[in-house]
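The values are calculated or read from the model by the stated rules, or taken from the named source; none is laboratory data. This structure is a prediction, so every number in the text was calculated from the model and none was measured. Every residue, glycine as well, gets a Cβ built from its backbone with ideal geometry; the counts of neighbours run over all protein chains shown. When the accessible area is computed, the model is the full protein with side chains, heavy atoms only, and any ligands, DNA or RNA have been set aside. Shrake-Rupley method; radii C 1.70, N 1.55, O 1.52, S 1.80 Å.
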There are 2 protein chains.
Amino acid sequence: MSNTGRGLHGHVLDTLGPEITAGAYPPGSVLRTDELAQRFEVSRSVMREVVRVLESMRLVESRRRVGVTVRPACDWNVYDPQVIRWRLAGADRPRQLRSLTVLRSAVEPVAAGLAARNATAEQCAELTECALGMVANSRGHRLEGYLFHDMAFHRVILTASGNDMFARLGDVVAEVLAGRTHHDVMFDDPDPAAVTLHVQVAEAVRERDAARAEKLTREITVGALQELDILAP
Amino acid sequence: MSNTGRGLHGHVLDTLGPEITAGAYPPGSVLRTDELAQRFEVSRSVMREVVRVLESMRLVESRRRVGVTVRPACDWNVYDPQVIRWRLAGADRPRQLRSLTVLRSAVEPVAAGLAARNATAEQCAELTECALGMVANSRGHRLEGYLFHDMAFHRVILTASGNDMFARLGDVVAEVLAGRTHHDVMFDDPDPAAVTLHVQVAEAVRERDAARAEKLTREITVGALQELDILAP
DNA sequence: CCGGAACCAAAGGTCAGACTTATTCATCAC
DNA sequence: GTGATGAATAAGTCTGACCTTTGGTTCCGG
């Protein structure tokens with residue numbers, strides 16, 4: 001699951017990071033490098049590297065003569081994939097999932113519009129393939145197969161937009177989609193209307209119809225919002 | 001300027017980070033910790049901490065027996081404020097500015113709509129104050145005063161949306177706005193139409209008119225796109 | 001000529017301990 | 001009360017040692 005698991009450093013990070021994002025230490029709490037090193041049974045060097053990384057994520061602040069103070073949640077780098085994963089694994093997962101879904105609803109329609117203008121022929125083909133894969137797995141409780149193509153679909157859209165910032169959200173969207181399937185309510189087969197919308201988006205992009213791609217994608221994200229009982233804008 | 005400047009560690013990071021984001025080392029290049037430590041005249045410990053942070057930003061990957069390899073740009077954590085600052089300071093600043101402005105155009109309208117629903121009375125007041133500040137500084141080459149209130153305005157909107165992910169983009173938007181004023185074309189006084197739009201957005205939020213707030217904000221961001229000669233979606 | 005096993009060296013990973021420096025806090029003199 | 005002084009503290013830095021992984025090389029046998 002976690003990609004930092006390599007080495008002692010990664011292990012400590014994957015323990016301490018989630019603790020902080022879960023709110024185990026209230027903002028302003030002070031941690032001492034030495035104490036942490038003792039607790040995790042690692043050397044101070046390793047602990048310092050962990051603190052540096054947590055600092056770069058703005059989860060903590062290290063100051064001389066004071067210690068390592070935990071920062072308030074509003075300071076955190078909530079776009080850091082690590083932080084996102086930690087928060088999704090924690091107690092306020094539902095809240096986090098809502099935030100991310102709202103973000104999706106803002107970004108994906110615009111990305112789809114751009115994709116309709118900038119997608120390469122190859123990307124168009126990929127998109128169609130993904131949509132067809134979704135259709136093929138839309139019945140008979142083939143949720144895993146459906147999820148796979150769904151994640152790929154949205155990733156292609158975001159990448160094909162040609163915008164760095166959008167492309168980087170592919171992982172985030174994938175995480176949200178996976179969460180919906182694995183942890184949350186996904187009783188039955190996916191909504192047929194949603195499947196159709198994906199096929200139509202692929203069409204619109206292929207036909208370079210930016211406005212239609214944007215509009216259709218907006219319908220998809222509105223559906224995602226409604227699934228979480230979020231009032232559609 | 002840079003907030004990491006504290007300590008040797010920060011200094012090295014602020015030198016090596018921009019080099020990497022500027023593309024000084026092609027993807028796949030291998031750096032050796034020891035050599036870097038020599039070059040910056042710091043100990044291996046400090047260098048290791050720097051590498052760890054760069055690794056958490058996904059700028060590099062550290063592997064045994066191989067060294068520190070530079071990752072392709074598509075892997076970078078482009079939402080990390082540090083990375084954003086480094087890229088904005090580098091050669092492909094214009095490209096980066098475009099990416100960020102497109103992101104703004106996707107996010108801010110939705111955020112404004114949410115703000116109209118969720119803003120506290122205090123936030124509404126702040127918003128109005130910012131808008132008035134913009135008006136007051138809109139004539140007579142008071143660019144700095146205008147910028148100050150403009151940044152504050154957008155930050156309040158993003159915060160008032162009540163969405164973690166949106167709120168965190170306040171710094172990014174501020175950076176973009178500051179860039180436009182300081183580095184790029186901002187010859188004369190700001191466009192009066194834009195100033196009016198900000199005032200109207202403040203009104204709409206105060207009156208809880210989400211649809212109007214969203215629409216007006218979309219007009220603001222379309223203007224920002226046009227300034228950079230980006231085709232409005 | 002080729003494939004695999006054994007070996008070696010290179011680079012990061014970890015550790016322990018000593019020393020430095022900034023910062024806070026308390027004390028004291030004015 | 002206020003400002004200067006000093007001591008305590010925890011992070012910052014450096015050094016040098018040793019461990020572990022792993023890519024490359026060599027060498028042997030098929």
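The mean number of partner chain beta-carbon atoms within 10 angstrom of a residue's beta-carbon across peptide A:56-69 is 2. Taking every protein chain into account, the accessible area of the protein assembly as shown amounts to 46 square angstrom per residue (probe 1.4 Å).
Amide H contacts for residue B:67 (H built 1.01 Å from N in the peptide plane; partners 5 or more residues away or on another chain; cut-off under 5 Å): none found. Expressed as a whole percent, the accessible surface of the range B:143-233 that belongs to carbon and sulfur atoms is 57, based on a 1.4 Å probe.
Measuring from each Cβ of chain B to the axis that turns chain B onto chain A, the shortest distance belongs to B:79, 2 (residue, then whole Å).
Between copies, the label points at residue B:64 (set 7 angstrom from Cα along Cα-to-Cβ) are spaced 3.6 nm, reported in nanometres from shortest to longest. Computed extension gain for residue A:135 through residue A:222, at 0.36 nm per residue and net of the alpha carbon distance, reaches 29.3 nm. With label points defined 7 Å past Cα in the direction of Cβ, position residue B:171 shows copy-to-copy spacings of 1.8 nm, given to one decimal and shortest first. In the range A:99-233, Cα pairs under 8 Å separated by at least six residues give a relative contact order of 38 percent. Below 8 Å between Cα atoms, with a sequence gap of 6+, how large is the relative contact order for chain B in percent? Contact order relative to length: 19 percent. With label points set 7 Å from Cα along Cα→Cβ, the inter-copy distances at residue B:26 are 5.6 nm, sorted shortest first. For the range A:36-52, the Karplus equation 6.51 cos²θ - 1.76 cosθ + 1.60, evaluated at θ = phi - 60°, returns couplings of 4, 4, 4, 4, 8, 6, 10, 6, 4, 4, 4, 4, 5, 5, 4, 4, 4 Hz by residue, with Gly and Pro reported as x. Dividing the helix sum by the residues of chain A, where each DSSP H run of 4 or more adds -39500 (n - 2.57), gives a mean residue ellipticity at 222 nm of -21500 deg cm²/dmol. Backbone geometry of the range B:140-154 corresponds, through the Karplus equation with coefficients 6.51, -1.76 and 1.60 at θ = phi - 60°, to 3J(HN,Hα) couplings of x, 6, 8, 4, 5, x, 4, 4, 4, 6, 5, 4, 4, 4, 5 Hz, x marking Gly and Pro.
Give me log10 I(q)/I(0) at q = 0.10, 0.11, 0.13 Å⁻¹ for the protein assembly as shown, Debye formula, one equal scatterer per alpha-carbon, no solvent. Scattering profile of the protein assembly as shown, log10 relative to I(0): -0.80, -0.97, -1.32. Per the Debye formula on identical point scatterers at the alpha carbon atoms of chain A, with no solvent, log10 I(q)/I(0) at q = 0.12, 0.14, 0.15 Å⁻¹ is -0.73, -0.89, -0.97.
So how far, in whole Å, is the C-alpha centre of the range A:116-191 from the one of the range B:23-97? Using only Cα atoms to place each centre, the spacing works out to 31 Å. Round to the nearest 10 and give me the degree value, 0 to 90, for the angle of helix B:170-182's Cα axis relative to the longest principal axis of chain B. Helix B:170-182 sits at roughly 80 degrees to that axis. Just which residues of the range A:145-192 lose 30 Å² or more accessible area with every protein chain there, against their chain alone, with the probe set to 1.4 Å? Output list: A:163, A:164, A:165, A:166, A:168. Taking amide H positions as modeled 1.01 Å from N, with prolines and chain starts lacking one, the residues under 5 Å from residue A:60 and 5 or more places away or on another chain are A:55, A:71.
How long are the three semi-axes of the equivalent ellipsoid for the range B:61-123, computed from the Cα gyration tensor as the root of 5 times each eigenvalue, in whole Å, largest first? Provide the component values of the computation, followed by the final result.
On the way: eigenvalues 247, 49, 20 Å².
Calculated on Cα positions only, the semi-axes equal 35, 16, 10 Å.
Amide H contacts of residue A:119 (H built 1.01 Å from N, in plane; Pro and chain starts excluded): no residue 5 or more places away or on another chain comes under 5 Å. Residue A:9 contributes an accessible area of around 20 Å² to the protein surface, as traced by a 1.4 Å probe with all chains present.
Taken about its Cα centre, the protein assembly as shown carries a charge dipole of about 1200 debye when Lys and Arg each add +1 at the Cβ and Asp and Glu each add -1 at the Cβ. Interface between chains B and A: roughly 3600 Å² of accessible area buried, both sides summed (probe 1.4 Å, protein heavy atoms only).
Shielding of peptide B:43-53 by partners, expressed as the average count of other chain Cβ atoms within 10 Å per residue Cβ, is 4. For the range A:68-84, the Karplus equation 6.51 cos²θ - 1.76 cosθ + 1.60, evaluated at θ = phi - 60°, returns couplings of 9, 9, 7, 8, x, 4, 5, 8, 5, 6, 6, 8, 5, x, 4, 4, 4 Hz by residue, with Gly and Pro reported as x.
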